[in-house]
There are 2 protein chains.
Amino acid sequence: MEDDFKKSMENAAAQMRKGVLEFAILLVIAKRKIYASEIISQLKNAKLTVVEGTIYPLLSRLKNSELLEYKWEESKSGPPRKYYSLTAKGRQFLKGCEEQWKSLESAITNLKK
Amino acid sequence: MEDDFKKSMENAAAQMRKGVLEFAILLVIAKRKIYASEIISQLKNAKLTVVEGTIYPLLSRLKNSELLEYKWEESKSGPPRKYYSLTAKGRQFLKGCEEQWKSLESAITNLKK
DNA sequence: TGCCACTACCTTGCATAAAAAGGTAGTAGG
DNA sequence: CCTACTACCTTTTTATGCAAGGTAGTGGCA
């Protein structure tokens with residue numbers, strides 16, 4: 001059935017997105033301090049949909065690994081926000097991710113030949 | 001500990017590789033009919049390590065989804081081999097993957113700005 | 001002829017991690 | 001004061017990659 005195909009396709013796409021999720025989040029945080037809900041909407045704009053149940057545990061993991069740190073800040077409207085930023089270790093980690101990414105890109109390019 | 005960092009890094013790299021595994025396998029098969037052990041060594045050459053426990057179930061899944069088909073062939077030395085190739089559906093699927101991949105590449109590029 | 005090494009297949013069980021769903025709490029506005 | 005909204009977080013389910021272990025056919029060689 002036609003429908004199976006779409007499902008597999010969507011699955012493969014999701015698979016790829018997962019792979020770079022952590023990398024993408026670090027990239028976003030690297031630009032400026034930012035809080036979870038904002039990360040979600042930025043990634044959605046970039047066509048990388050993430051949901052809350054995914055991002056909160058992930059941010060916690062990154063924080064526990066000391067790649068991220070956060071600071072509570074009041075909001076003018078609504079509850080306070082946890083603003084995340086990269087630690088020194090986090091910046092180093094991000095560099096490593098960029099290399100991995102490059103190497104992945106060239107691996108795929110080579111496989112096409 | 002320094003060691004944690006390496007572990008996280010290796011993990012992130014593995015994560016990325018996973019994301020494109022299916023895609024990479026399809027790319028390899030697209031070039032010519034090929035059997036599992038050979039796929040493993042080709043991917044290893046391309047710096048995308050995969051192990052048997054990963055690839056056999058994956059190939060089965062792809063075959064069940066009718067993206068792949070196989071044909072047994074005798075070998076001059078050793079046991080017979082299952083040579084995989086893409087079905088028409090598989091070729092279409094691969095096209096979809098290539099688009100996904102392009103879109104992922106541009107998403108990451110955009111996030112860097 | 002009997003045994004060992006090799007290649008190629010495949011399965012089972014465990015660990016990780018994403019996603020769906022549901023839950024808490026503070027604030028603003030009517 | 002109560003409803004809507006934002007932002008946080010947790011629990012449960014499901015998928016899947018990987019380590020480990022297992023089968024079987026072939027060829028070499030002692």
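Only one of (1) hydroxyl-bearing (Ser, Thr, Tyr); (2) within 13 Å of the chain's Cα centre (by Cα); (3) modelled with pLDDT of 95 or more fails for B:Thr49. Which number is that?
The single condition B:Thr49 does not satisfy is (3).
For the stretch B:24-43, which residues satisfy the criterion of being within 12 Å of DNA strand D (Cβ to nearest atom) and not small (Gly, Ala, Ser)?
Residues satisfying the conditions are B:Ile25, B:Ile40, B:Leu43.
Give the residues of the stretch B:6-29 that are among the charged types (D, E, K, R) and surrounded by 17 or more Cβ atoms within 10 Å (Cβ to Cβ), sorted by residue number.
Scanning the stretch B:6-29 gives B:Arg17, B:Glu22.
What's the total number of residues in the stretch B:70-101 that are among the charged types (D, E, K, R) and either more than 11 Å from every other protein chain (Cβ to nearest Cβ) or within 13 Å of DNA strand C (Cβ to nearest atom) (or both)?
Of the residues in the stretch B:70-101, 7 are among the charged types (D, E, K, R) and either more than 11 Å from every other protein chain (Cβ to nearest Cβ) or within 13 Å of DNA strand C (Cβ to nearest atom) (or both).
When residues of the stretch A:51-74 are filtered for being away from DNA strand D (no atom under 12 Å from the Cβ) and either more than 20 Å from B:Phe5 (Cα to Cα) or not aliphatic (A, V, I, L, M) (or both), how many remain?
Matching residues across the stretch A:51-74 total 3.
Let me confirm something: among B:Thr87, B:Thr49, which residue is surrounded by fewer than 19 Cβ atoms within 10 Å (Cβ to Cβ), of a type in the set (Ser, Thr, Tyr) and in contact with an Asp or Glu (Cβ under 6 Å, 6 or more places away or on another chain)?
Result of the check over B:Thr87, B:Thr49: B:Thr87.
Just wondering, is there one or more residues in the stretch B:2-21 that are near DNA strand D (Cβ under 9 Å from one of its atoms), out of contact with any Asp or Glu (no Cβ under 8 Å at 6 or more places or on another chain) and modelled with pLDDT under 95?
Among the residues of the stretch B:2-21, not one is near DNA strand D (Cβ under 9 Å from one of its atoms), out of contact with any Asp or Glu (no Cβ under 8 Å at 6 or more places or on another chain) and modelled with pLDDT under 95, which makes the answer no.
List pairs: first residue in the stretch A:26-53 and free of Cβ contacts under 8 Å to residues at least 24 places away in the same chain, second residue outside any helix (DSSP H, G or I) and buried (at least 18 other Cβ atoms within 10 Å of the Cβ) anywhere in the structure, Cβ distance under 7 angstrom, at least six positions apart or on different chains.
Hits for this filter: A:Val28/A:Ile34; A:Ile40/A:Val50; A:Leu43/A:Val50.
Which of the residues that make up the stretch B:60-72 are over 18 Å from B:Ala88 (Cβ atoms) and either in contact (Cβ under 8 Å) with a residue 12 or more places away in the chain or aromatic (Phe, Trp, Tyr) (or both)?
If the condition is that a residue be over 18 Å from B:Ala88 (Cβ atoms) and either in contact (Cβ under 8 Å) with a residue 12 or more places away in the chain or aromatic (Phe, Trp, Tyr) (or both), then B:Trp72 is the only one that fits.
Whether any residue in the stretch A:49-56 is more than 11 Å from every other protein chain (Cβ to nearest Cβ), hydrophobic (A, V, I, L, M, F, W, C) and out of contact with any helix residue (DSSP H, G or I) (no Cβ under 9 Å at 6 or more places or on another chain) is what I want to check.
No, there is no match, as no residue in the stretch A:49-56 is more than 11 Å from every other protein chain (Cβ to nearest Cβ), hydrophobic (A, V, I, L, M, F, W, C) and out of contact with any helix residue (DSSP H, G or I) (no Cβ under 9 Å at 6 or more places or on another chain).
What pairs can you find where one residue is in the stretch A:1-20 and within 14 Å of B:Ala14 (Cα to Cα), the other is surrounded by 17 or more Cβ atoms within 10 Å (Cβ to Cβ) and of a type in the set (Gly, Ala, Ser), and their Cβ atoms are less than 6 Å apart, with a gap of 6+ or different chains?
Final answer for the pair search is A:Gln15/B:Gly19; A:Met16/B:Gly19; A:Lys18/B:Gly19; A:Gly19/B:Gly19.
If the requirement is being hydrophobic (A, V, I, L, M, F, W, C), out of contact with any Phe, Trp or Tyr (no Cβ under 9 Å at 6 or more places or on another chain), surrounded by 15 or more Cβ atoms within 10 Å (Cβ to Cβ) and within 8 Å of another protein chain (Cβ to nearest Cβ), which of these qualifies: A:Leu67, A:Leu104?
A:Leu104
From the list B:Leu21, B:Leu26, which residue is more than 7 Å from chain A (Cβ to nearest Cβ) and in contact with a Cys (Cβ under 9 Å, 6 or more places away or on another chain)?
Of the residues listed, the single one that is more than 7 Å from chain A (Cβ to nearest Cβ) and in contact with a Cys (Cβ under 9 Å, 6 or more places away or on another chain) is B:Leu26.
The values are calculated or read from the model by the stated rules, or taken from the named source; none is laboratory data. Source: prediction; values computed, not measured. With ideal geometry, Cβ positions are generated from the backbone for all residues, glycine too; neighbour counts draw on all protein chains shown.
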